[in-house]
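Student: Submitted below is the structure of interest, expressed as structure tokens.
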Amino acid sequence: MTTAKERKVMQQQFKERMNEDELMNCMRCGFCLPACPTYIESGFQETHSPRGRIALMKAVVDGLIEPDEDVERTLNMCLGCRACEPVCPSGVNYGHLLEEARDIIQQNKKYSLPVRMLRKAVFGGLFPHSHRMRTITGLISFYQRSGLQRIVRNTGLLNLLPAQLKEMEKVLPKVPTLKEMKHRPEHLPAQGETKRRVAFFSGCLMDTMFMETNDATMKLLQLAGCEIVIPPAQTCCGALHGHSGEKSQAKELAKRNIEAFEGLNVDYIITNAGGCGAFLMEYDHLLKDDPAWGERAKAFTEKIKDISVILVELNFHKKGLKLPSQVVTYQDSCHLRNVMKTSAAPRILLQSIEGVEFREMKDADRCCGSAGIYNIVEPEMSMQILDYKMEQVKETKATTIVTANPGCLLQMKLGIEREGLSAHVRAVHIVELLLEAAEASGFTVNQQWQMPEHIRKTS
Amino acid sequence: MISNEVKQRLISIVGLENYDDSKAGRLVYSYDATPQFQSLPDAVIAPRNTKEVSEIVKICNEHRIPIVPRGSGTNLCAGTCPTEGGLVLIFKHMNNILEIDEENLTVTVQPGVITLDLIKAVEAKGLFYPPDPSSMKISTIGGSINENSGGLRGLKYGVTRDYVMALEVVLANGDIIRTGGKLAKDVAGYDLTRLFVGSEGTLGIITEATLKLIPMPETKKTMLALYQDLEAAARSVSQIIANKIIPTTLEFLDQPTLEVVEAYAQIGLPTDVKAVLLIEQDGPSEVVERDIKKMEEICKKEQAVSVKVAQSEAEADALRTARRSALSALARLKPTTILEDATVPRSEIAKMVKAINEVAEKYNVKICTFGHAGDGNLHPTCPTDARDREEIERVEKAFEEIFAKAIELGGTITGEHGVGIMKAPYLEWKLGREGIAAMKAIKNALDPNNIMNPGKVFAKSTRKRVVITR
């Protein structure tokens, strides 16, 4: 519970910090309603719609209502998928409004000591530090490889976890060892003619827990004719911070990344996670109040491209890729589609593979309910959304579900587990499927990244 | 105010989960799509069936609590803004298509069904429900009936009114009545069906409707005619009609509207011309071909700089969708977007377009115009800023003069958006004092305690009629 005084302070901050023009730009036509997953899944409750949330933010600014628990509840219930933005004829930047409002509420929050410590540890102490990310992932690796996982699963210890986390444990990817994670490439040559020089944004989770996806991404870039620079000074993109009301930390991370990629003289900065890419792409907005960074942020954001876009640009879909016959469907990454405006390229690539029958699922552009850490903090709504998604997947009879973001990938794996489909349905990141197809069609990288001999032997 | 005792009685009808009087819950039902109107209801209630609606209404009648029935809140006359508080009644539970009768060509629905869902459901059976308001993806059929919504296909197929055959209505005293039927002919008493269509929730609450369907047209074709002269475009509209062609759709968009729509839709609309006409014809292919060809000739004769026929249904659909986004897209220009839907006989459309531009100049306001030119229904829209009181006053004066001009040309103050609160002060201009008195007599007879969407349609005071000097 917040006190009247605290609500007053918050209200004042809403007045000062919320962009009034942007709030007024919403003319309440309601064109966003049919695109909003929480509006639909809540049984058409206006409180859980973009129009309703904007009206609430504006009412707080106007002093019509206080930022009470109900207001906070509706803002928390938002997935942040931003599906309301492309359908908004008025062009309201809902995502920016949401981020600002959440930041105000979060910064005024009186958490209990344990929660405060946990938030500090995770947001400040973990994600921005690649070695700590590696250590944590290394522990998971130890858990998976030492036999501990088997013991824990057999003893029923997992039953002590909430159902949600118990299911999550099942779908974690097989993670690399600590040693494997410590030795990452910094430069890779193109295969054949060098058509582009690109930088690769390797990410925090992607370069640890999803390292295989990163490796596949780099191989594809090489095969497509890209020389790759992977600056070691880069850090977490800050999306989790930004979306969770830790904006100032997100800004610090943004500055470190801009510095890390400046002066590399590259055509593009490539990402392979829609969530990260979209956040990177909006660094100019994040740092808009910081004049010293404006130009630098803009130069950075203009270079951000998803892996699928550059592959199409370099005609990777005309390489004649083949795979054994299978039905494939694609789940859009919300931020890749709604913020990075990338939805055609992944489909072009998938449809180009011989042997693949691509079947579009109904509402492929609707969020899967993963939404960063939403599936952990709002499990009920998240699972309701996932169940709807899995119905659509099943309709297509696909045996391979392709995604373009790690959160979506885990969520789809979770969906497969929940539906008991794991025997014949798999979920993969698009780069994994493309690499599988490339290798099956006889394309291999000659000069691929290899770990130094002495490390490989001991790991 | 709703007393605790009344609240408990209402909850006992609908259940706790269907009664919301939290501040946030009320705030999100304090508005609709009309700018500058906002007012908190005392509570929001979601009945599950007609019986519950009737019980709620009885309590409200007893305690003089206003009731505002609300669909998706997309109306443009502040018709669902609860300006006098009370209960906002929503239909999220009453949203089923009850029957598609392929023998009588009717569909029976609950009020909460989304218009486009209804259209898709009947089209799957080869049937056609023509009314297609631009909000059809969001708006409910209950809202459409209460506002008598039009749409892009109104020119040839008419508006919602022309498709409502029967209604179930809860009256202010709680009585449940059924009007009309699945009948091509029916003169048993007053036509109450027509009375309730377009009554804006002021006479009763519609809880079920049976709508007329027609066979799906076999083919359709869509074209875009480009003009460097607004009035030439308007003249083409009158000429097409005068040549005895009734196209399905005959839409007008001026340059500023084209610019914002293209900024949103990005489908390659021309932004270097002063106006375009979006024209569509449907029916048997030979008729469609013949009409399209003839209309192309008429447009060219009236100085269209080019006429392009859409090459695919996808292209045609993109054009229609773009047109439907026009109003919301105009909101890109300024924080507040005020639009009207003054309507004139279609022979007068060129005069009206000219008058709108003169009025805009006179009051130094920007007015973008688009609309259903073919049925004389234009949407002059003013991008402005509600915070700039001085400009808002000029905007109001400009619109008053547009209303006056429309009436002078034999038209009306609203073609399809309804009166609500927004146009209530001008209703007398159209109806005269006696006309208002007749309507008020009906209202008083059916709703003597004035609980049904009070404050709408009838104004507390009428605006002084502006005198046109030119």
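Student: Over the Cα atoms, compute the radius of gyration (one decimal) and Dmax (the largest Cα-Cα distance, rounded to a whole number) for the range A:241-336, in Å.
Tutor: Cα radius of gyration and Dmax of the range A:241-336 are 16.5, 54 Å respectively.
Student: Follow-up. Summarise the long-distance tail of P(r) for the range A:4-107 by giving the % of C-alpha pairs beyond 18 Å.
Tutor: For the range A:4-107, the fraction of Cα-Cα distances above 18 Å is 41 percent.
Student: Given the pairs A:K394/B:K137; A:K174/A:K219; A:K174/A:K305, which span a C-alpha to C-alpha distance of over 22 angstrom in this model?
Tutor: A:K394/B:K137; A:K174/A:K305
Student: Nothing charged except the Cβ atoms of Lys and Arg (+1) and of Asp and Glu (-1): what's the magnitude of the dipole of the range A:178-311 about its Cα centre? Round to the nearest 20 debye.
Tutor: Charge dipole, the range A:178-311, about its Cα centre: 100 debye, nearest 20.
Student: Sticking with this structure for a sec: So what's the net charge close to A:N154: Lys and Arg +1, Asp and Glu -1, counting the other residues with Cβ under 15 Å from its Cβ?
Tutor: Residues near A:N154 contribute +3 overall.
Student: Something else now. If you check each cysteine of chain A for another cysteine whose beta-carbon is under 4.7 Å away, which ones come up empty?
Tutor: A:C26, A:C29, A:C36, A:C78, A:C88, A:C226, A:C368, A:C408
Student: Nearest 0.05, what FRET efficiency do A:L118 and B:K244 give at R0 = 60 Å with Cβ-Cβ as r?
Tutor: So the FRET efficiency works out to roughly 0.20.
Student: So what's the net charge close to B:T50: Lys and Arg +1, Asp and Glu -1, counting the other residues with Cβ under 14 Å from its Cβ?
Tutor: -1
Student: Hey, if you drop one equal point scatterer on each alpha-carbon of the range B:349-470 and run the Debye formula without solvent, what base-10 log of I(q)/I(0) do you get at q = 0.17, 0.21 Å⁻¹?
Tutor: -0.93, -1.26
Student: Another question, then. Enter the angle in degrees (range 0 to 90, nearest 10) between the Cα long axis of helix B:230-242 and the first principal axis of the Cα atoms of chain B, meaning the one along which they spread out most.
Tutor: Here the helix axis deviates by roughly 80 degrees.
Student: What's the exposure ranking of A:M18, B:M94, B:M452, going from fewest to most Cβ atoms within 10 Å?
Tutor: A:M18, B:M94, B:M452
Student: Still on this structure, I have one more. Straight-line reach from A:K170: which aspartates and glutamates have a Cα under 17 Å away, not including same-chain ones fewer than 8 places off?
Tutor: Correct list for A:K170: A:E417, A:E419.
Student: Also, I was wondering about something else. Through the Karplus equation 6.51 cos²θ - 1.76 cosθ + 1.60, θ set to phi - 60°, convert the phi angles of the range A:103-115 into ³J(HN,Hα) values in whole Hz; use x for Gly and Pro.
Tutor: 5, 4, 5, 5, 5, 9, 7, 9, 7, 5, 3, x, 5
Student: Multiplying the sequence separation of B:R433 and B:K182 by 0.36 nm and subtracting their Cα-Cα distance, what value in nm do you get?
Tutor: Contour length minus the Cα-Cα distance gives 86.7 nm.
Student: While we're here: On a 0 to 90° scale, report how tilted helix A:50-62 is relative to the longest principal axis of chain A, with both axes built from alpha carbons and the result rounded to the nearest 10.
Tutor: Tilt of helix A:50-62: around 40 degrees.
Student: Same structure again: Excluding B:V309 itself, calculate the net charge of residues whose Cβ lies under 11 Å from the Cβ of B:V309, where each Lys or Arg counts +1 and each Asp or Glu counts -1.
Tutor: Neighbour charge sum, excluding B:V309 itself: -1.
Student: Taking the DSSP beta bridges in chain A as the whole, what percent of them are antiparallel, to the nearest 5?
Tutor: Taking every DSSP beta bridge within chain A, about 10 percent pair in antiparallel fashion.
Student: Moving to a separate point now. With charges only on Cβ, +1 for K and R and -1 for D and E, what is the dipole size of the protein assembly as shown about its Cα centre, in debye, rounded to 20?
Tutor: Value, rounded to 20: 1320 debye.
Student: Under the √(5λ) rule applied to the eigenvalues of the Cα gyration tensor, what semi-axes describe the equivalent ellipsoid of the range A:278-387? Give them in Å, descending.
Tutor: Over the Cα atoms of the range A:278-387, the semi-axes work out to 30, 24, 8 Å.
Student: Pull out a ≥ b ≥ c, the square roots of the eigenvalues of the alpha-carbon gyration tensor of the range A:113-171, then state rounded if a/c is under 1.5, prolate if not and a/b is larger than b/c, and oblate in the remaining case.
Tutor: Since a/c reaches 1.5 but b/c is at least a/b, the shape of the range A:113-171 is classed as oblate.
Student: Return the Rg/Rh value of the range A:79-131, two decimal places, where both radii are evaluated on C-alpha atoms and Rh is the Kirkwood radius.
Tutor: Rg/Rh for the range A:79-131 comes to 1.15.
Student: How large is the Kirkwood hydrodynamic radius of chain B, counting all unique pairs of alpha carbons, in Å?
Tutor: 23.1
Student: Find how much the distance from A:V152 to A:A440 grows on full extension, using 0.36 nm per residue of separation minus their present alpha carbon separation; answer in nm with one decimal.
Tutor: Contour length minus Cα-Cα distance gives 100.0 nm.
Student: Which order do B:T83, B:T369 fall in if you start with the one that has the fewest other Cβ atoms within 10 Å?
Tutor: Listed from fewest to most nearby Cβ atoms, that is B:T83, B:T369.
Student: So what is the orientation-averaged projected area of the range A:61-218, using the convex hull of its C-alpha atoms, in nm²?
Tutor: 15.3
Student: Give me the log10 of I(q) over I(0) for chain A at q = 0.06, 0.13 Å⁻¹, as the Debye formula computes it from C-alpha points; what are the numbers?
Tutor: Cα-only, vacuum Debye calculation for chain A: -0.26, -1.32.
Student: Here is a further query. Just round it to a whole percent: the fraction of Cα-Cα distances in the protein assembly as shown exceeding 55 Å.
Tutor: Distances greater than 55 Å cover 19 percent of the Cα pairs.
Student: Further question: Kirkwood hydrodynamic radius of the range B:97-215 from all distinct Cα pairs, in Å?
Tutor: 14.2
Student: Using 7 Å Cα-to-Cβ label points, what is the A:V377/A:E193 separation (nm, one decimal)?
Tutor: 4.9
Student: For chain A, what does -39500 (n - 2.57) per DSSP helix run (n ≥ 4), summed and divided by total residues, give at 222 nm, in deg cm²/dmol to the nearest 500?
Tutor: Counting only the DSSP helices, I get -14500 deg cm²/dmol.
Student: Continuing with the same structure: In Å, the Kirkwood hydrodynamic radius of the range B:137-183 over pairs of distinct alpha carbons?
Tutor: Its Kirkwood hydrodynamic radius stands at 12.2 Å.
Student: Then there is this: Note the angle between two axes, namely the Cα long axis of helix A:130-145 and the longest principal axis of the Cα atoms of chain A, as a number of degrees from 0 to 90, rounded to the nearest 10.
Tutor: Orientation of helix A:130-145: about 60 degrees from the principal axis.
Student: Using Cα-Cα distances under 8 Å and only pairs 6 or more residues apart, what relative contact order does chain A have, in percent?
Tutor: Relative CO of chain A lands at 15 percent.
Student: Which value at 222 nm does chain B reach when only helices count, each DSSP H run of 4 or more adding -39,500 (n - 2.57), with the total divided by all residues and rounded to the nearest 500 deg cm²/dmol?
Tutor: After summing the helix terms and dividing by residue count, I get -11000 deg cm²/dmol.
Student: Still on this model: Under 1.5 on a/c is rounded, so check that first for the range B:4-90, then, if it is not, pick prolate when a/b is larger than b/c and oblate when it is not; a ≥ b ≥ c are the square roots of the alpha carbon gyration tensor eigenvalues.
Tutor: Cα axes put the range B:4-90 in the prolate bin.
Every number in this text was worked out from the coordinates using simple rules, so none of it is lab data. Everything quoted here is computed from the prediction, not taken from an experiment. Note that we place each Cβ from the backbone using ideal geometry, even for glycine, and neighbour counts take in every protein chain shown.
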